[in-house]
Amino acid sequence: METKLGITAALAFAIAGSMHVQADENLWMYAKGTDTRPEGSWEFKLSDIYRGDKGSGQYSFHDIRPELEYGITDKWTVGAELLVFHHNYSVDDTDLQPMYDTQGGTQEGRFRETQIGGFELSTKYNILSPYKDPIGLSVGFSYEHRRAYRLDGARIDQDSFVPQVFLQKNFIDNTLVLAFAGKMELERRKSGTVLEEEIAFDLAAGISYRVAPKWFIGFEARYQSDFLNPQDTAEAGNPGFDAQGFEEGVGRSSWDLSDMRLGGQFQYGTYIGPSIHYAEKDWWVTASILFQVKGGGNEGRNPTISGSKVYDEHERIHAGVTVGFEF
């Protein structure tokens, strides 16, 4: 796949083999169940999600996240994670050039750099247990600050507020697990003269079955879409833009409490793929691979739509490895 992904995976397995903590349930790449940490316990996770192939040129991105979680009570977990971004791309298609403008890095669609992308603080509270109640239910909330753009590594100033809901249902003595994770991302992003106020939806569902002691085989589906109308003050009053710099004829997103509304849909992408999970008493590891099967959006606003795929916020393939240790 790529050298860095292999190195990260090897490191994760090496560390896992030398530690002893209790295993947890994290069975997929994006879908998550309702479990929270036991009171007073800690968990350390290290994940590397590789996203590759924009349909033109060469593109690879590693989203690497060390994360620490703590159980305040059996039902309430808090966490913090660091975002480390590694980009390596070269895109020559002129239609894609504006997407790969790193504003001071390179203006030619070529970029290779590892950056501290930002951080995230999160909390999760369990309301219903999948082991005791008809269905498991948890709610969560996270705050994220980014200083680098996930897409291309451009310097940005972004704040995101993310309410979340988690559902889980277990069958056959907990050997078959179904889970759903949904989040609404309220993002405000500034870069140069451009201000984006975006509302995005990220929905993931997974099914996993314990095929042997310690081993789960699963399948996952993920859908992501965003709604926005960027404001570019440099374009204010020019043809196609209003006096404030918004693109004419496109609805604006707003998540102010007095004016909550969706803007125009910019893009959407749907992914499916398998996962495998292995757990020891004191650690676990999950590997997944997802493929974009359908993508689209507003073709007039998004030049990266190609047939049934979209390559602005999306890629052809996502492959990830996550390892966790509990103590």
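When nucleic acids and ligands are ignored and a 1.4 Å probe is applied, F241 ends up with an accessible area of around 60 Å². Near A80, once Lys and Arg are set to +1 and Asp and Glu to -1 for all other residues with Cβ below 10 Å from its Cβ, the sum equals -4. The protection proxy used here, the mean number of other Cβ atoms lying within 10 Å of each residue, ranks peptides 28-34, 224-230, 306-312 as follows, highest first: 28-34, 224-230, 306-312. Solvent-accessible surface of the chain, taken per residue with a 1.4 Å probe and all protein chains present: 45 Å². Sorted on the mean count of surrounding Cβ atoms within 10 Å across their residues, most packed first, peptides 168-174, 255-261 read 168-174, 255-261. If you add up the charges near M29, with Lys and Arg at +1 and Asp and Glu at -1, over every other residue whose beta carbon is less than 13 angstrom from its beta carbon, what do you get? Here the count lands on +1.
Where the centre of each part is set by its Cα atoms, how far does segment 56-91 sit from segment 147-215, in angstrom? Each part reduced to its Cα centre gives a spacing of 11 Å. The heavy atoms of I272 present about 60 square angstrom of accessible area, all protein chains included, probe 1.4 Å. Take the Cβ atoms of L121 and I172, set R0 to 51 Å, and the FRET efficiency comes out at 0.90. The spacing between segment 261-299 and segment 112-146, judged by their C-alpha centroids, is 16 Å.
With the full set of protein chains in place, find how many percent of the accessible area of segment 157-240 is carbon and sulfur; take the probe as 1.4 Å. Of the solvent-accessible surface of segment 157-240, carbon and sulfur hold 63 percent.
The values are calculated or read from the model by the stated rules, or taken from the named source; none is laboratory data. As the structure is a prediction and not an experimental result, all values here were calculated from the model. Using ideal geometry, Cβ is built from the backbone for each residue, glycine included, and neighbour counts are taken over all protein chains shown. We work out accessible area using only protein heavy atoms, side chains counted, and drop any ligands, DNA or RNA first. Shrake-Rupley method; radii C 1.70, N 1.55, O 1.52, S 1.80 Å.
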